[in-house]
1. Can you name the condition, by its number, that ALA58 falls short on among (1) among the small types (Gly, Ala, Ser); (2) touching a residue at least 60 places away in the same chain (Cβ under 8 Å); (3) not in a strand (DSSP E or B)?
2. For region 35-45, enumerate the residues that are of a type outside the set (Gly, Ala, Ser), touching a residue at least 24 places away in the same chain (Cβ under 8 Å) and out of contact with any Ser or Thr (no Cβ under 6 Å at 6 or more places or on another chain).
3. Looking only at region 64-85, which residues are free of Cβ contacts under 8 Å to residues at least 60 places away in the same chain and not in a helix (DSSP H, G or I)?
4. For the structure I just gave you, tell me whether GLY98 is assigned to a strand (DSSP E or B), under 20 Å from HIS10 (Cβ atoms) and either touching a Cys at 6+ places or on another chain (Cβ under 9 Å) or touching a residue at least 60 places away in the same chain (Cβ under 8 Å) (or both).
5. Given the conditions (1) touching an Asp or Glu at 6+ places or on another chain (Cβ under 6 Å); (2) crowded, with 22+ Cβ neighbours inside 10 Å; (3) at pLDDT 90 or above, report the number of the one that MET81 does not fulfil.
6. Condition check: modelled with pLDDT under 95 and loosely packed, with under 13 Cβ neighbours inside 10 Å. Does GLU148 satisfy that?
7. Restricting region 101-122 to residues that are touching a residue at least 12 places away in the same chain (Cβ under 8 Å) and assigned to a loop (DSSP other than H, G, I, E, B), which is nearest to ARG133 (Cα to Cα)?
Amino acid sequence: MLGEDVDLKHPARVLVTKVGLDGHDRGSRIVAAYLRDAGMEVIYTPPWQTIEAVVKLATEEDVDVIGVSSLATDHLIVPAMMRALKAGGLDHVGVIIGGIVPEDEEPALLEAGVSRVFGPGSSRDDIVAHVSRLAEQARRNRGDDLLEIAS
């Protein structure tokens with residue numbers, strides 16, 4: 001699941017959330033279960049979170065990755081969330097988006113710093129592997145001592 005030469009001393013911490021007004025959370029609940037089953041610590045929020053609330057919770061919970069679920073157009077506020085994360089000193093935190101994102105809107109999200117967009121049909125293994133790599137990268141980027149180099 002993780003890179004061959006690095007293991008996390010402590011499980012990856014992932015915030016799974018919905019920003020904006022979209023209340024459809026079935027997909028985010030399924031992904032949260034995938035990540036928990038893979039041994040990650042998942043902080044799950046109810047829908048309708050504000051950007052400020054997500055940044056505050058990410059700080060308080062010391063997360064490695066944030067997963068944002070979007071079924072309507074809530075992904076369009078993610079670039080503002082990315083700016084807020086950077087302003088809050090959380091630019092090391094990996095961000096992914098899952099759900100319904102029109103193909104022509106993906107480039108703006110990636111340019112804003114989103115690592116990847118997972119659409120319908122994304123596999124459990126692909127999601128878990130990507131989140132694991134992002135957690136490793138987040139810990140490296142902040143110089144975390146929660147990495148252990150395997151010999």
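The values are calculated or read from the model by the stated rules, or taken from the named source; none is laboratory data. Values in this document were obtained by computation on a predicted structure and should not be read as measured data. A quick note on method: Cβ atoms are made from the backbone with ideal geometry, for glycine too, and the neighbour counts reach across all protein chains shown.
1. All conditions are met except number (2).
2. Step one: list which residues in region 35-45 are of a type outside the set (Gly, Ala, Ser), which gives 35-37, 40-45.
Restricting the remaining residues to those that are touching a residue at least 24 places away in the same chain (Cβ under 8 Å) gives 35, 40-45.
Across region 35-45, the qualifying residues are LEU35, MET40, GLU41, VAL42, ILE43, TYR44.
3. So the first thing to find is which residues in region 64-85 are free of Cβ contacts under 8 Å to residues at least 60 places away in the same chain, and the list is 66, 68-80, 82-85.
Scanning region 64-85 gives ILE66, VAL68, SER69, SER70, LEU71, ALA72, THR73.
4. On the way: assigned to a strand (DSSP E or B): yes; under 20 Å from HIS10 (Cβ atoms): no; either touching a Cys at 6+ places or on another chain (Cβ under 9 Å) or touching a residue at least 60 places away in the same chain (Cβ under 8 Å) (or both): yes.
Answer is no for this residue.
5. Just one mismatch for MET81, condition (1).
6. On the way: modelled with pLDDT under 95: yes; loosely packed, with under 13 Cβ neighbours inside 10 Å: yes.
So GLU148 fits the description; yes.
7. SER115
Listed here are the residues, each with its yes/no results for (1) assigned to a helix (DSSP H, G or I); (2) at pLDDT 80 or above; (3) crowded, with 16+ Cβ neighbours inside 10 Å.
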| site | (1), (2), (3) |
| --- | --- |
| GLY3 | no, no, no |
| PRO11 | no, yes, yes |
| VAL16 | no, yes, yes |
| ASP22 | no, no, yes |
| SER28 | yes, yes, yes |
| ALA32 | yes, yes, yes |
| ARG36 | yes, yes, no |
| ILE43 | no, yes, yes |
